[in-house]
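A short write-up of the structure that comes next.
The values are calculated or read from the model by the stated rules, or taken from the named source; none is laboratory data. Here the structure is a predicted model, which means the values were calculated and not measured. Note that each Cβ is placed from the backbone with ideal geometry, even for glycine, and that neighbours are counted across all protein chains shown. Calculation scope for accessible area: heavy atoms of the full protein, side chains included, ligands and nucleic acids excluded. Shrake-Rupley method; radii C 1.70, N 1.55, O 1.52, S 1.80 Å.
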Amino acid sequence: MPSEIIKKCAKTLAEKKWNIAFAESATAGRMSAEFSLTEQSGQILRGGLTCYEVFVKEQILHVPHSYIEKFTPESKEVTQKLAEQAAKLFNTKVTVAVTGLTTPGGSETKLKPVGTMFICIITPNHTLEYRQVFEGTPEEIVLQTIDFVADHITRYI
């Protein structure tokens, strides 16, 4: 069941007659799923693409391999490129991209621990970029990320 924050965001999007799409790496489609469970899903949700593996980032969303080598798959720069490419693909008013580390084994360091999430939200008026560190289980990190995104969309549209 979607959180109250997601429900509020979906309602706000519907009231504005705006749609939304997602390019999800670390959240692996969960954000699209949560928005699909709202009453307004048919009005607002255009779709989403799970781009968990580098192959999908490069081959489907055309993120240059040099970006991934230089910045790592879990980075502000790659997340921004994913959002830009998804905005072109889905042609939506709001496009969200998320990368990050919900479990060990990625590009984590002392400065980028597990729980670090990179978010880029593109709207007609803003490009919002965030680096947040959440704590908890992988699922808790994902759900905190989704609520963070929904809250910031609601605030800035």
#### Entry: Candidate set: the stretch 74-102, residues that are open to solvent by 60 Å² or more (accessible area, probe 1.4 Å) and either among the aromatic types (Phe, Trp, Tyr) or part of a loop (DSSP other than H, G, I, E, B) (or both); chosen: the one nearest to residue 44 (Cα to Cα)
93
### Query
Right, residue 127: surrounded by 13 or more Cβ atoms within 10 Å (Cβ to Cβ), more than 16 Å from residue 27 (Cα to Cα) and touching a Lys or Arg at 6+ places or on another chain (Cβ under 6 Å) or not?
no
### Summary
residue 21 passes all but one of the listed conditions (1) more than 27 Å from residue 140 (Cβ to Cβ); (2) buried (at least 19 other Cβ atoms within 10 Å of the Cβ); the exception is number (1)
### Task
Answer yes or no: is there a residue in the stretch 31-44 that is open to solvent by less than 70 Å² (accessible area, probe 1.4 Å), among the hydroxyl-bearing types (Ser, Thr, Tyr), touching a Phe, Trp or Tyr at 6+ places or on another chain (Cβ under 7 Å) and farther than 19 Å from residue 133 by Cβ.
yes
### Query
Pick from the stretch 47-67 the residues that are of a type in the set (A, V, I, L, M, F, W, C) and within 17 Å of the chain's Cα centre (by Cα): which of them is most open to solvent (accessible area, probe 1.4 Å)?
60
### Query
If residue 117 satisfies every condition in (1) surrounded by fewer than 21 Cβ atoms within 10 Å (Cβ to Cβ); (2) touching a residue at least 60 places away in the same chain (Cβ under 8 Å) but one, which is the exception?
(1)
### Task
Restrict the check to the stretch 95-117 and report whether at least one residue is modelled with pLDDT under 95 and farther than 24 Å from residue 69 by Cα.
no
